[in-house]
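**Student:** What follows is a single structure, and I will ask about it in a moment.
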Amino acid sequence: MKTGLKNIFLRGITLLSKFVFIIFLGKYSIDETNLGIFGLLATTIALLIYVLGFDFYVFNTREILASKKEAYAERIRNQMFFHLIAYLVVIPISLFLVFRLNFIPLEYFWVFVVLLLSEHLGQELYRLFTTLEKSVVANGILFIRSGLWVWIVLFDFFWLGNDIDLRNYIRIWTMTSLLSFFIFGIFLVRTIEIKKVRYFPPDWKWIGAGINTAGVFFIGSLSFQVIQFSDRYMIDFFYGKKLVGIYTAFAQFTNAIDVFAFSAITMVAYPKLVKSFKEKKKYEETKTIFSKQLIGLSLILILAVGLVGPVILGFLDKEAILDELDTFYVLLGGVFLLIVSNIFHYDLYVKKMDAIILKVALAGMVTNVVLNLVLIPIYGIIGAAMATLMSFFVIFSMKFYFSKKAIKR
């Protein structure tokens with residue numbers, strides 16, 4: 001429980017930092033355009049991190065947990081070879097699409113490239129330390145990567161008296177992201193006791209096995225990311241960046257609930273689920289505790305955010321945001337279904353029912369894209385929220401069904 005509390009605190013101050021930035025940007029910008037640009041930039045970074053990662057960590061997590069400590073460095077090194085190939089293929093194509101279609105202004109090009117690389121490497125190291133059951137270290141360094149920059153921004157605005165400058169704020173984020181990567185690297189060397197740095201040729205057979213295994217999870221994860229973020233691009237296409245800004249403000253609340261629940265409960269529980277699976281009684285006990293804790297915490301968080309959220313949003317003093325408040329409540333319903341579905345997701349994951357996880361993710365994605373295309377042009381951002389809610393309902397229902405079906409077998 002001590003580990004869980006530490007993770008709650010560290011992830012909490014990181015989420016609070018992001019939260020404060022959204023409130024700050026919404027309050028002191030002339031309109032919601034800055035929020036919209038930031039929302040699209042952060043969304044694009046998040047999507048590309050998944051593409052570059054290819055969910056290879058899922059394969060390597062199982063490999064590391066099944067290996068002796070002496071083999072960790074080899075596993076990590078081969079994963080990095082894979083990511084290098086992904087960089088050479090994915091980054092040029094994605095940069096052309098993102099900036100050619102004008103989702104992000106061209107003036108952000110170079111800072112975007114550096115931020116993308118540092119955020120991806122930081123995310124992979126974060127996952128690695130979680131696998132090694134160093135979640136407190138992972139969340140501590142995550143604060144440096146994702147939270148510290150906000151307080152530097154606030155110092156720049158309130159103490160130094162400089163004007164709002166979103167591009168400069170992204171530069172500050174990039175610098176702290178790079179700093180966190182170097183700190184992660186130092187901890188990694190000490191954790192797995194790397195004494196010499198030598199070149200070894202990549203194990204292409206192992207990498208190939210990883211691609212085959214991770215590919216299933218990648219399609220599933222990418223499908224989930226489409227559900228989470230594609231609505232921003234569609235809102236931008238149909239209505240412009242101001243409404244994207246409003247939707248971003250609402251989504252920050254619901255994303256905070258999801259991340260907080262993951263950090264406090266799921267992050268600690270899923271390595272235990274994997275390790276206890278061979279002992280049926282112990283596994284069932286672990287799963288029951290995980291389920292109760294996850295449902296309980298998510299209900300508390302949703303109730304708290306549902307009460308406090310409108311008050312905070314009112315502080316922004318933007319009438320357009322308050323006019324769309326119904327969207328906020330629909331998104332709260334969606335995030336509850338998403339969090340609870342993780343109970344059945346990890347049950348399927350531990351049982352290696354990868355094909356089922358993929359089918360569920362694809363079904364949710366198709367539902368979401370179709371509903372977004374139908375509902376957003378007619379209903380605006382509440383249409384996007386309704387599409388998200390219904391997509392998560394499909395995912396929850398299917399994971400529940402297949403998890404229970406697996407138990408009967």
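**Student:** At 222 nm, what helix-only mean residue ellipticity would the chain give, in deg cm²/dmol to the nearest 500, using -39500 (n - 2.57) for each DSSP H run of four or more? Don't jump to the answer; show the numbers that get you there.
**Tutor:** Details: 16 runs with 343 residues, N = 409.
One gets -29000 deg cm²/dmol as the mean residue ellipticity at 222 nm.
**Student:** Carbon-plus-sulfur fraction of the accessible area of region 73-128, 1.4 Å probe, in percent?
**Tutor:** On the way: 1970 of 2650 Å².
Here carbon and sulfur together make up 74 percent of the probe-accessible area.
**Student:** In what sequence, highest mean first, do 289-296, 250-257, 267-274 appear when ranked by Cβ atoms within 10 angstrom?
**Tutor:** Values: 289-296: 16.2, 250-257: 22.4, 267-274: 19.0.
Going from most to least packed, we get 250-257, 267-274, 289-296.
**Student:** Okay, moving on. Set the Förster radius R0 to 35 Å, insert the Cβ-Cβ distance between Phe96 and Trp204 as r into 1/(1 + (r/R0)^6), and round the FRET efficiency to 0.05. Please list the in-between numbers first.
**Tutor:** Values: r = 29 Å, r/R0 = 0.82.
FRET efficiency, Phe96 to Trp204: 0.75.
**Student:** Which percent of the accessible area of region 212-324 is formed by carbon and sulfur heavy atoms (probe 1.4 angstrom)? Working shown, then result.
**Tutor:** Numbers: 3370 of 5160 Å².
Here carbon and sulfur together make up 65 percent of the probe-accessible area.
**Student:** Whole number in Å², please: accessible area per residue of region 117-214, 1.4 Å probe, ligands, DNA and RNA not counted. List each step's numbers first, then the result.
**Tutor:** Values: 5130 Å² over 98 residues.
Per residue, region 117-214 has an accessible area of 52 Å².
**Student:** If you don't mind, another one. Would you calculate the separation in nanometres between label points at Val20 and Leu325, each defined as 7 Å from the Cα along the Cα-to-beta-carbon direction?
**Tutor:** If labels sit at Val20 and Leu325, their model points lie 2.6 nm apart.
**Student:** Another question about this same structure. May I ask you to give the solvent-accessible area per residue for region 262-336, in square angstrom, as obtained with a 1.4 angstrom probe?
**Tutor:** On the way: 4000 Å² over 75 residues.
Here the residues of region 262-336 average 53 Å² of exposed surface.
**Student:** Could you give the nm distance between label points at Asp165 and Lys281, where each point is 7 Å from its Cα heading toward the beta carbon?
**Tutor:** The two pseudo-label positions are separated by 6.6 nm.
**Student:** Check every DSSP H run in the chain and write down those whose alpha carbon atoms cover 27 angstrom or more along the long axis and whose mean Kyte-Doolittle hydropathy is 0.0 or greater.
**Tutor:** Details: long enough: 2-28 (38 Å, 0.89); 33-53 (30 Å, 1.85); 72-100 (41 Å, 1.04); 109-131 (33 Å, 0.90); 166-191 (37 Å, 1.05); 204-239 (48 Å, 0.61); 241-261 (29 Å, 0.73); 280-315 (51 Å, 0.88); 325-350 (39 Å, 1.43); 354-379 (36 Å, 1.80); 381-408 (41 Å, 1.16).
Length and hydropathy pass: 2-28, 33-53, 72-100, 109-131, 166-191, 204-239, 241-261, 280-315, 325-350, 354-379, 381-408.
**Student:** Next up: Hey, with R₀ at 30 Å, roughly what FRET efficiency would Ile211 and Ile312 work out to, going by the Cβ-Cβ distance, to 0.05?
**Tutor:** On the way: r = 44 Å, r/R0 = 1.46.
Plugging the Cβ-Cβ distance into 1/(1 + (r/R0)^6) gives 0.10.
**Student:** Find how many whole Å separate the alpha carbon centroid of region 357-409 from the alpha carbon centroid of region 6-45.
**Tutor:** Each part reduced to its Cα centre gives a spacing of 26 Å.
**Student:** Under a 10 Å cutoff between Cα atoms, tell me which one of Leu358, Leu303, Leu116 has the largest fluctuation in the Gaussian network model of the chain.
**Tutor:** In this elastic network of the chain, the residue with the biggest mean-square fluctuation among Leu358, Leu303, Leu116 is Leu303.
**Student:** Taking the chain as a Gaussian network, Cα atoms linked when under 10 Å apart, which of Ile37, Ile300, Ile49 shows the biggest mean-square fluctuation?
**Tutor:** Checking each option, the largest mean-square fluctuation is seen for Ile300.
**Student:** Looking at Phe336, Phe400, Gly53, which one has the Cα that reaches farthest to the positive end of the dipole of the chain (charges on Cβ: Lys, Arg +1; Asp, Glu -1)?
**Tutor:** Phe400
**Student:** Nothing charged except the Cβ atoms of Lys and Arg (+1) and of Asp and Glu (-1): what's the magnitude of the dipole of region 18-99 about its Cα centre? Round to the nearest 20 debye. Walk me through the intermediate numbers first.
**Tutor:** Details: 7 positive and 6 negative charges, 61 e Å.
That gives region 18-99 a dipole magnitude of about 300 debye.
The values are calculated or read from the model by the stated rules, or taken from the named source; none is laboratory data. All figures in this text were calculated on a predicted structure; none of them were measured in a lab. So basically every Cβ, Gly included, is an ideal-geometry build from the backbone, and we count neighbours across all protein chains shown. Quick note on the areas: whole protein, heavy atoms, side chains included, nothing else; ligands and nucleic acids left out. Shrake-Rupley method; radii C 1.70, N 1.55, O 1.52, S 1.80 Å.
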